[in-house]
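Participant: Attaching a single structure in structure tokens format; questions to follow.
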Amino acid sequence: MEKILEVQNVKKTFKLSRKQQKIEKTNQKIKVALNGLSFATYKGEIYGLLGPNGAGKTTALRILSTLIKADEGHIEIDGIDVSKNPEEVRRKIGFLTSELKLEDFFTPNYLFDFFSNLHDVPFDIANERKKRLFEKFGIDSFCEVKVANLSTGMKQKVSLVISLVHDPDIIIFDEPTNGLDVLTAKVVTDFLQELRNSGKTIIISTHIFSLVEKICDRVGIIINGRMIVSEKLNELTKEKNLEDVFFDIYKKEVGEE
Amino acid sequence: MRNIWIIIKKEFARFFKDRRMLVALFLPGILIYVVYSFMGDIINSMVTVENNYVYTGYVVNQSNLFKSTLELEKIKINFEEIDESHIEEHKEEIKNREKDIIIVFPKQFDESLKYQNNQSVMNVEIFYNSTKTESSTFYQIGLEILNKIESKITNIFDINAGQNYDLADEKDLSASIISNLLPMLMLMLILSGCIGIAPESIAGEKERGTIATLLVTPLKRRELAIGKIVSISSLALISGLVSFIGVMLSFPKLIARNIDASIYGFKEYFLIFLVIISLTLMAITLMAIVSSFAKSVKEATNYISPFMILMVLLSLSTMITQSAANNVVLYLIPFFNVNQTLYSIFSFDINVTNLIVTVIANVVYTILGIFMLTKMFGNEKIMFSR
């Protein structure tokens, strides 16, 4: 299989403000978010990053999407060094996270055109892609409604479609079904599988075991900023289901359940 | 360049689709016109009396000379002649603003004037109420007429009698008024326009999480910074222009005299435009940098406030000095240089070197600011601070 993403020994720390120290109930001025994270993903698979809250999943995805930089380590996406050529990496990836918001004053139609322009997608291709994706997610019916007037599910669908305007090879989704109703969540998970089947690589972070079991080909378990396991799902769950495997590992690493 | 244009178009679309921003853009100009005109009308009505107003009051020992002079001046009066013993009781009516004036002439005032050399100094008493416009206006009229009467009798020499000795023409007078007030006003208007737009465009996007969506596209940080600066500067210029029109339309009313803006030609307007553009770019860049440190629009506005005070203080310089600075080095000081240069343009006293230094200095500050803003857009601590 062709390796499309490789993360090697990535470290990331954050300085904690006094307010953050209070929230996290710690005297430490520095928080280690990632502590030597390493893993790889292969073309045409869905990779699931599994871990408890604060394990470093979102930080890892933000580094992959070039939103923030790693303190140490090396990341290559489709042969491009993320730290050296972030703009080129951004052309290859589609990133969706709840922290990326859409302007309330614009319509899905305007936003699709705007982001297509930024990604330099030719007009005809962008239009054809817009038609297909809007139809797929039922955005047609509200494509001229301002984002401010859309429901959370509608917004999530629009965000998802916007992240795909340039037909990226690698799609990175942070908690893709978070906050969605069951119907929208199903549309999204089905679509992720469809993308995988068309040869795209998808990396998702989640703490929903059933989602990983349903759609992922490979799983990485992150605890305290370290990748404890990164294996094919079927190999990892040969003897036990994913939930049991996860808690065995968690118990071993953290010493509690 | 293409991406910069995409950002500019998006910023324009965003501002023109947001009613709040449209209000922030145009309301100051409209308010200035309404408030200044209203203030001008109120001030005028407070200090002027209608032409056909009939002054009412009392006169003791009527002077025919005074009365006929009033008639000559076409001042309408309805005065009742009273006895000296009743003055005190009628003073209440003046206090209560029911009547305008009480004039007490000495007995046989007109006759006494003919023999004034042989007499002691006479005293004419005028009781009035300074809080009533009509009363204080008639007091001034009375003083003027009595002075005229007195000078006719004892005239030894006149000063500037008969014609206009002020050699300043209307153009100079207009230029003098405009150059004293407009540089400061224009600076404040432009800065107000900037403060209404810059925090929203930078800190607002951070607060709403929409800037992160832009940062994961192939858009370069530099392109984002330039696109933002150019678009919000243009919007601030529009806001400043609307305010400027509001000022120019209401200004004559406010100062109660005609100001002729046509005294300035294409050259002056072009230079003003040039200086204002350099000012707007610099102010927006500074505010954008300050806004980048903020987590919300409110916080950004708070951060900008001390800078605004400093900018306003610097923009007051010509009101204090009443002349443009000669030392070219001073034109490197931002905001101060704009105020000084605008003053020199408005007063037809343009120094080309100072003007060039002002514009170039402001453009250099803008470029340095854009460089800094680019770095800040790439700084995760600044862009994603919580």
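Participant: Report for chain B the percent antiparallel among DSSP-assigned beta bridges with both residues inside it, nearest 5.
Facilitator: Once the DSSP bridges in chain B are tallied, antiparallel ones form about 30 percent.
Participant: Ok, one more. With the solvent-accessible surface defined on protein heavy atoms using a 1.4 Å probe, which residues belonging to region A:49-94 display a reduction of at least 40 Å² in accessible area in the multichain context relative to the isolated chain?
Facilitator: Hits at the 40 Å² cut-off: A:67, A:87, A:90.
Participant: Taking θ = phi - 60°, what integer Hz values does the Karplus form 6.51 cos²θ - 1.76 cosθ + 1.60 yield along region A:129-137, in sequence order, with x for Gly and Pro?
Facilitator: Ordered by residue, 3J(HN,Hα) equals 5, 4, 4, 5, 5, 5, 5, 4, 9 Hz.
Participant: If one computes the Cα centroid of region B:162-239 and of region B:349-386, what distance in Å separates the two points?
Facilitator: That distance is 14 Å.
Participant: Here is a further query. Roughly how big is the A-B contact, given as buried accessible area in Å² (both sides, 1.4 Å probe, nearest 100)?
Facilitator: Roughly 2700 Å².
Participant: Still on this structure, please answer the following. Provide the per-residue ³J(HN,Hα) series for region B:35-48, in order, calculated from phi with Karplus coefficients 6.51, -1.76, 1.60 and θ = phi - 60°, each as a whole number of Hz, with x at glycine and proline positions.
Facilitator: My calculation for region B:35-48 gives 5, 4, 5, 4, 4, x, 4, 5, 4, 4, 5, 6, 10, 10 Hz in order.
Participant: Right, another one. Just A:63, A:171, A:222 to compare: in a GNM of chain A, with alpha carbon springs under 10 Å, which one fluctuates most?
Facilitator: Largest GNM mean-square fluctuation: A:63.
Participant: On to the next question. Would you please give the FRET efficiency between residue A:229 and residue A:152, computed as 1/(1 + (r/R0)^6) with r the Cβ-Cβ distance and R0 = 25 Å, to the nearest 0.05?
Facilitator: FRET efficiency, residue A:229 to residue A:152: 0.15.
Participant: Turning to a different aspect of this structure: Give the separation of the Cα centroids, region A:1-26 to region A:37-96, in Å.
Facilitator: Computed from Cα coordinates, the inter-centre distance equals 12 Å.
Participant: Take the Cα atoms of the protein assembly as shown, build their convex hull, and give its volume per residue in Å³.
Facilitator: Value for the protein assembly as shown: 249 Å³ per residue.
Participant: Report the dimensions of region B:9-85 along its three principal axes from the alpha-carbon atoms, largest first, rounded to Å.
Facilitator: Its Cα atoms span 81, 28, 12 Å along the three principal axes.
Participant: What ³J(HN,Hα) values, in whole Hz, does the Karplus curve 6.51 cos²θ - 1.76 cosθ + 1.60 give for region A:156-168 when θ = phi - 60°, with x put for Gly and Pro?
Facilitator: 4, 5, 5, 4, 4, 5, 4, 5, 10, 4, 9, 6, x
Participant: Now, a different point. Rounded to the nearest 5, what is the percent of antiparallel bridges among the DSSP beta bridges in the protein assembly as shown?
Facilitator: DSSP beta bridges in the protein assembly as shown are roughly 50 percent antiparallel.
Participant: Pairwise over distinct Cα atoms, reciprocal of the mean inverse distance: report the Kirkwood radius of chain B in Å, one decimal place.
Facilitator: 25.6 Å is the Kirkwood radius here.
Participant: Next question. Solvent-accessible area of residue B:12, probe 1.4 Å, all protein chains present, reported in Å² to the nearest ten, please.
Facilitator: My reading of the accessible area for residue B:12 is about 50 Å².
Participant: Return the single residue from A:60, A:148, A:185 with maximal mean-square fluctuation; model: Gaussian network over chain A, springs between Cα atoms under 10 Å.
Facilitator: Evaluated over chain A, the most mobile residue of the options is A:148.
Participant: Separate question: Between B:42, B:178, B:226, which gets the highest mean-square fluctuation from a Gaussian network model of chain B, Cα cutoff 10 Å?
Facilitator: The residue with the greatest mean-square fluctuation here is B:42.
Participant: Same structure, new question: Applying 1/(1 + (r/R0)^6) with R0 = 51 Å to the Cβ-Cβ distance of residue B:312 and residue A:131, what FRET efficiency is obtained, to the nearest 0.05?
Facilitator: For residue B:312 and residue A:131, the calculated efficiency is 0.45.
Participant: Moving to a separate point now. Using 1/(1 + (r/R0)^6) with R0 = 60 angstrom and r between the beta carbons of residue A:213 and residue B:34, what's the FRET efficiency to the nearest 0.05?
Facilitator: Working from the Cβ atoms, E equals 0.35.
Participant: Just the Cα atoms of chain A, one point each, no solvent: what log10 I(q)/I(0) does Debye give at q = 0.09, 0.11, 0.13 Å⁻¹?
Facilitator: Scattering profile of chain A, log10 relative to I(0): -0.42, -0.63, -0.87.
Participant: Right, another one. Under the rule of at least 5 residues apart or a separate chain, name every residue whose amide H is placed under 5 Å from the amide H of residue A:73.
Facilitator: Those lying under 5 Å, H to H, from residue A:73 are A:11.
Participant: Averaged across the residues of A:96-105, what count of C-beta atoms belonging to other chains lies within 10 Å of each residue's C-beta?
Facilitator: 6
Participant: Please go through region B:45-75 and write out the chymotrypsin sites (Phe, Trp or Tyr not before Pro) that DSSP classes as loop and that have at most 16 other C-beta atoms within 10 Å.
Facilitator: Of the chymotrypsin sites (Phe, Trp or Tyr not before Pro), the ones in loops of region B:45-75 whose Cβ has at most 16 other Cβ atoms within 10 Å are B:53.
Participant: Related question: Counting only residues 5 or more places away or on other chains, whose amide H sits under 5 Å from the amide H of residue A:226 once H atoms are built in the peptide plane?
Facilitator: Here the answer is A:35, since their amide H atoms fall under 5 Å of that of residue A:226.
Participant: Here is a follow-up. Express in whole angstrom the spacing between the alpha-carbon centres of region B:1-51 and region A:104-137.
Facilitator: Each part reduced to its Cα centre gives a spacing of 35 Å.
Participant: Another question, if that's okay. Can you list the residues, at least 5 places off or on another chain, whose amide H is less than 5 Å from the amide H of residue A:203, using H built in the peptide plane?
Facilitator: Sorted by chain and number, the residues that satisfy this are A:47, A:171, A:172, A:173.
Participant: How much of the DSSP beta bridge set in region B:55-154 is antiparallel, as a percent to the nearest 5?
Facilitator: Roughly 30 percent of the beta bridges in region B:55-154 run antiparallel, per DSSP.
Participant: In addition: Rounded to the nearest 10 Å², what accessible area does residue A:152 have for a 1.4 Å probe in the complete protein model?
Facilitator: Approximately 100 Å² of residue A:152 is accessible to the 1.4 Å probe.
Participant: Right, another one. May I ask for log10 I(q)/I(0) of region B:55-154 at q = 0.16, 0.17, 0.22, 0.24 Å⁻¹, from a Debye sum over the Cα atoms as equal point scatterers with solvent left out?
Facilitator: -0.67, -0.76, -1.21, -1.38
Participant: Accessible surface of residue A:123 in the full protein assembly, 1.4 angstrom probe, to the nearest 10 Å²?
Facilitator: 150 Å²
The values are calculated or read from the model by the stated rules, or taken from the named source; none is laboratory data. Bear in mind the structure is a predicted one, so any value in this text is a computation, not a measurement. Cβ atoms come from the backbone with ideal geometry, glycine included; neighbour counts cover every protein chain shown. In case anyone asks, the SASA skips ligands and DNA or RNA and just uses the protein heavy atoms, side chains included. Shrake-Rupley method; radii C 1.70, N 1.55, O 1.52, S 1.80 Å.
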